[in-house]
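Worksheet for the structure shown next.
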Amino acid sequence: MVHAVDRPQIELPERIYRLDELGFNLWWSWHPEAGWLYRTLDPALWDTVEWNPVLFLRYVDPNRLQRAAEDPQYCETYDRVMGQYDALTDDATTTSWVGKNEPSLISRPVAYFSAEFGLHPALPIYSGGLGILAGDHIKTASDLGLPLFAVSLLYRQGYLLQQLDSVGWQQDVTANLEPWAEPTTLLLGQDGKPIIVEVPFDDPANPVKLAVWCVQVGRVPLFLLDADVEGNPDWTRTISSRLYGGDREHRLRQEIILGIGGVRALRAIGLNPTYWHANEGHAAFALLERVREFVASAGLGFDDAAEWVRQSSVFTSHTPVPAGHDVFPSDLMDRYFWHYWAQLGISRDEFLALGQHGSNEGFNMTALAMRLSAQRNGVSQKHGEVTRHMWHDLWPGVSESRAPITSITNGVHLPTWISPDHQELYDKYLPANWHERQEDPEVWSAINAIPDRELWQLHLHTKGQLLAYMREYTRRRWSSGEFDPGRVVASGTLLEREALTIGFARRFATYKRATLIFNDIDRLARILNNPMKPVQIIFAGKAHPADDGGKSLIQEIYWKARDPRFNGRIAFAENYDMAIAAKLYAGVDVWLNNPRAPLEASGTSGMKAAANGAPNLSILDGWWIEGWDGKNGNGWGIHPFVGDEQTQNHEEAQAIYDLIENDIVPRFYDNRDADNVPTDWVRTMKAAISTNAPAFSAQRMVIDYIRKLYLPASEGAERVAEKAVR
Ligand SMILES: *Cc1c(COP(=O)(O)O)cnc(C)c1O
């Protein structure tokens with residue numbers, strides 16, 4: 001395998017020439033000192049290029065680079081960062097967590113397939129929680145030294161950029177991902193030409209060609225398949241262009257590229273994973289392709305080949321919403337797979353049966369993945385139960401509670417999601433090796449050693465950064481003539497740093513009930529407009545381009561934010577992405593989450609807020625059932641009300657108002673000490689950090705995956721390999 005740098009060479013001073021190389025490994029993005037090496041050269045440009053070092057180095061003034069190369073302090077930091085970076089590629093066998101604790105996995109890499117990865121705001125190949133979870137998973141795999149190859153698609157139009165028009169309707173602006181401006185590298189073969197992988201669609205005589213790009217994520221390579229290749233007909237070149245764009249057929253083509261193309265790409269690069277992990281049903285065709293390989297290469301019948309694949313495979317399901325599972329009509333499956341049945345050694349009916357679920361029509365990708373993976377999980381304890389309930393009928397005669405599906409609760413990559421300022425503070429008070437021991441509650445009990453005043457001052461600082469960020473965004477929009485004064489208010493310019501601030505940001509799927517807080521307008525207005533103890537709410541979130549229901553909810557909030565009776569205390573921040581999300585987690589006082597239970601599989605935004613000291617106010621669903629410590633005070637839990645939807649909305653909204661009025665507002669505003677520090681509130685902040693950060697760190701999550709699912713799958717793979725030799 002040869003990497004090609006398909007872009008203009010950048011001239012850097014000799015002393016710091018590796019800034020270019022560093023910018024091509026997203027490792028820099030979760031090491032604040034590495035980010036500083038770029039930012040400090042030109043902070044304004046750094047913001048303009050959305051913290052993308054590849055672009056930054058193209059545009060930064062060469063004189064600034066030269067001055068930095070002659071600055072001893074800069075060079076000292078540079079050397080330290082590069083030293084840490086080089087240690088990454090040193091032998092992971094001895095020093096990493098996996099090397100020390102599970103050395104058998106060092107020589108057994110896992111392939112991890114996901115339709116999206118949220119790694120950095122400037123690499124828009126994610127739409128929401130699923131992608132960010134996948135990104136956090138592979139960053140953590142790198143941190144722990146877990147050998148992993150990640151596979152996804154290169155979406156040249158990303159997801160969407162969100163702008164609201166003057167009546168608050170979401171406009172879906174196309175994002176443009178230019179590979180030359182990203183840390184993406186085109187992979188070349190030994191012959192110096194791009195590696196090209198072929199996958200058949202409806203006509204196997206004319207397969208689609210795919211190029212393969214690589215993004216390096218610490219120790220982990222992420223391979224991105226790209227159908228925009230010379231020689232493909234025009235209609236195929238756009239298949240991988242847009243994440244979740246287009247119709248059923250478009251989606252099916254993308255999943256064929258991801259699953260079948262992904263396996264072929266790893267083979268073409270010369271990589272042989274020992275075991276395989278499909279993150280959500282989108283990736284399930286990878287399992288079929290491996291069955292096909294065994295049939296072709298080991299001469300097995302379908303049943304034996306499928307058993308071999310099952311033994312070495314892990315599948316994670318992420319949604320309890322039935323419509324969230326991909327189902328393709330049988331005639332579409334016929335059109336794309338008629339040539340594949342014989343290669344699997346089965347008939348059309350046997351093939352379709354692999355995707356059958358109950359008496360439902362169509363080919364269900366989750367059912368396929370469940371059937372072809374021996375290790376299966378949901379993403380919280382509750383979601384494990386719900387998943388067993390939804391799928392236990394795949395194992396006739398097995399009771400629901402014994403259905404072979406376990407759960408591993410999601411977690412978040414703390415070095416990515418704890419603000420650099422908070423990390424600096426934690427560095428000061430937590431044990432020096434807290435980064436290596438993020439999952440250890442012992443480490444986090446040291447949060448209590450932080451003086452209240454210091455934590456509070458820092459919080460006010462990051463809250464100020466959030467409000468400034470929103471203001472600067474609004475200023476740009478205002479000065480371009482696109483905003484009327486009402487929108488300037490609705491974008492948060494009247495928000496105050498000293499006022500209790502609630503954050504609510506997520507995809508506008510209806511079950512998340514973004515407008516629940518408006519259930520009783522008068523009561524909400526009284527809470528927000530309390531003259532001595534005001535409350536403000538910041539909303540953000542995108543609706544899926546095809547979801548007019550979600551867009552209506554956004555519009556409703558937009559008009560509420562403009563409504564003079566709320567005094568400018570409600571704001572909608574446009575274009576929810578990883579950048580504004582990170583500012584929100586570190587800047588708000590309380591994180592609100594009010595899904596309709598039990599439809600929140602896990603939820604992860606609240607974990608990120610808690611790790612920055614923003615306690616959760618949330619319906620007891622998903623992760624919060626495990627995260628809330630009840631009366632001990634790390635946040636507030638609301639028991640789901642059982643009843644019809646309208647009554648449920650009413651009762652749960654009232655419970656939220658009660659908690660805000662009776663507990664949250666007094667705790668925030670009363671009992672201030674001589675320095676005006678709210679001591680009861682800071683105690684809650686500390687409880688949120690110290691209890692939630694370790695338990696919901698991605699480090700805890702990936703260690704759980706290793707112990708509960710990856711070890712069995714890798715051992716299953718070894719058994720299979722022994723048989724294959726015999
Ligand atoms: C964490 C995160 C999500 C997922 O949040 P949920 O609580 O699962 O809805 C979505 N988008 C962004 C940008 C995030 O950072």
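Residues in region 494-508 that are farther than 30 Å from residue 672 by Cα and open to solvent by less than 20 Å² (accessible area, probe 1.4 Å) were compared, and the one that is farthest from the ligand (Cβ to nearest atom) is 508.
Select from region 137-163 the residues that are assigned to a strand (DSSP E or B), open to solvent by 10 Å² or more (accessible area, probe 1.4 Å) and farther than 17 Å from residue 245 by Cβ and list them in ascending order. Quick ask: steps written out before the conclusion?
Taking region 137-163 and keeping what is assigned to a strand (DSSP E or B), we get 148-153, 160-163.
Cutting the leftovers down to open to solvent by 10 Å² or more (accessible area, probe 1.4 Å) gives us 149, 161, 163.
Scanning region 137-163 gives 149, 163.
Of 132, 125, which residue is within 22 Å of residue 700 (Cβ to Cβ), surrounded by 24 or more Cβ atoms within 10 Å (Cβ to Cβ) and in contact with a strand residue (DSSP E or B) (Cβ under 9 Å, 6 or more places away or on another chain)? Unique residue meeting the criteria: 132.
Among 561, 540, which is open to solvent by less than 10 Å² (accessible area, probe 1.4 Å), within 16 Å of the ligand (Cβ to nearest atom) and under 23 Å from residue 616 (Cα atoms)? Can you show your working first?
Values: 561 fails: within 16 Å of the ligand (Cβ to nearest atom).
The unique qualifying residue is 540.
Of the residues in region 571-581, at least one is crowded, with 16+ Cβ neighbours inside 10 Å and more than 16 Å from the ligand (Cβ to nearest atom). Identify, please: which residue in region 210-240 is of a type in the set (Asp, Glu) and outside any strand (DSSP E or B) and is, among those, surrounded by the fewest Cβ atoms within 10 Å (Cβ to Cβ)? The qualifying residue surrounded by the fewest Cβ atoms within 10 Å (Cβ to Cβ) is 234. Every residue in region 310-351 that is in a helix (DSSP H, G or I), in contact with a helix residue (DSSP H, G or I) (Cβ under 7 Å, 6 or more places away or on another chain) and within 26 Å of residue 720 (Cβ to Cβ), please. If the condition is that a residue be in a helix (DSSP H, G or I), in contact with a helix residue (DSSP H, G or I) (Cβ under 7 Å, 6 or more places away or on another chain) and within 26 Å of residue 720 (Cβ to Cβ), then 311, 337, 341, 343, 344, 351 are the ones that fit. Taking every residue in region 483-509 that is closer than 23 Å to residue 670 by Cα and pairing it with any residue that is polar (S, T, N, Q) and open to solvent by less than 20 Å² (accessible area, probe 1.4 Å), at least 6 positions away or on another chain, the pairs with Cβ-Cβ distances below 9 Å are 495/501; 495/536; 496/536; 499/536; 500/536; 501/536; 502/536; 503/605. Going by what's in this entry, would residue 41 be described as open to solvent by less than 20 Å² (accessible area, probe 1.4 Å), part of a loop (DSSP other than H, G, I, E, B), aliphatic (A, V, I, L, M) and not assigned by TED's automatic domain parsing to the domain that holds residue 161? Spelling it out, residue 41 is indeed open to solvent by less than 20 Å² (accessible area, probe 1.4 Å), part of a loop (DSSP other than H, G, I, E, B), aliphatic (A, V, I, L, M) and not assigned by TED's automatic domain parsing to the domain that holds residue 161.
Conditions tested, residue by residue: (1) on the phi < 0 side of the Ramachandran plot; (2) in contact with a His (Cβ under 8 Å, 6 or more places away or on another chain); (3) open to solvent by 10 Å² or more (accessible area, probe 1.4 Å).
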position: 364; (1), (2), (3): yes, yes, yes
position: 376; (1), (2), (3): yes, no, yes
position: 407; (1), (2), (3): yes, yes, yes
position: 411; (1), (2), (3): yes, no, no
position: 435; (1), (2), (3): yes, no, yes
position: 445; (1), (2), (3): yes, no, yes
position: 455; (1), (2), (3): yes, no, no
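Examine region 659-676 for a residue that is open to solvent by 10 Å² or more (accessible area, probe 1.4 Å), part of a strand (DSSP E or B) and either within 15 Å of the ligand (Cβ to nearest atom) or not assigned by TED's automatic domain parsing to the domain that holds residue 29 (or both), and state whether such a residue exists. Yes, region 659-676 contains a residue that is open to solvent by 10 Å² or more (accessible area, probe 1.4 Å), part of a strand (DSSP E or B) and either within 15 Å of the ligand (Cβ to nearest atom) or not assigned by TED's automatic domain parsing to the domain that holds residue 29 (or both).
Quick one: which strands (runs of 3 or more DSSP E) sit completely within region 535-634 and have at least 2 residues that are in contact with a Ser or Thr (Cβ under 9 Å, 6 or more places away or on another chain)? Ranges flagged: 535-540, 570-573, 590-593. The listed residues are 451, 404, 415, and the only one of them that is more than 30 Å from residue 676 (Cβ to Cβ), without any contact (Cβ under 8 Å) to a residue 60 or more places away in the chain and not assigned by TED's automatic domain parsing to the domain that holds residue 30 turns out to be 404. Take the residues in region 120-154 that are hydroxyl-bearing (Ser, Thr, Tyr) and away from the ligand (no atom under 16 Å from the Cβ); name whichever of them is farthest from residue 415 (Cα to Cα). Here the residue is 152. Does residue 629 meet the test of being closer than 15 Å to residue 589 by Cβ, surrounded by fewer than 16 Cβ atoms within 10 Å (Cβ to Cβ) and touching a strand residue (DSSP E or B) at 6+ places or on another chain (Cβ under 9 Å)? In short, no. Scanning region 582-594 for residues that are under 14 Å from residue 537 (Cα atoms), among the small types (Gly, Ala, Ser) and either out of contact with any Leu (no Cβ under 6 Å at 6 or more places or on another chain) or within 11 Å of the ligand (Cβ to nearest atom) (or both) yields a total of 0. In region 188-208, the residues that are within 23 Å of residue 235 (Cβ to Cβ) reach residues that are among the acidic types (Asp, Glu) and surrounded by 14 or more Cβ atoms within 10 Å (Cβ to Cβ) with C-beta atoms within less than 8 angstrom, at least six apart or across chains, in these pairs: 207/198; 208/198. Pairs linking a residue in region 13-32 that is outside any helix (DSSP H, G or I) to a residue that is among the hydrophobic types (A, V, I, L, M, F, W, C), with Cβ atoms under 8 Å and 6 or more positions apart or on different chains, are 13/65; 13/68; 13/69; 18/82; 24/54; 25/217; 31/81.
The values are calculated or read from the model by the stated rules, or taken from the named source; none is laboratory data. In this text the structure is predicted, and so the values were computed from the model without any measurement. Note that we place each Cβ from the backbone using ideal geometry, even for glycine, and neighbour counts take in every protein chain shown. Accessible surface areas use protein heavy atoms only, side chains included; no ligands, DNA or RNA. Shrake-Rupley method; radii C 1.70, N 1.55, O 1.52, S 1.80 Å.
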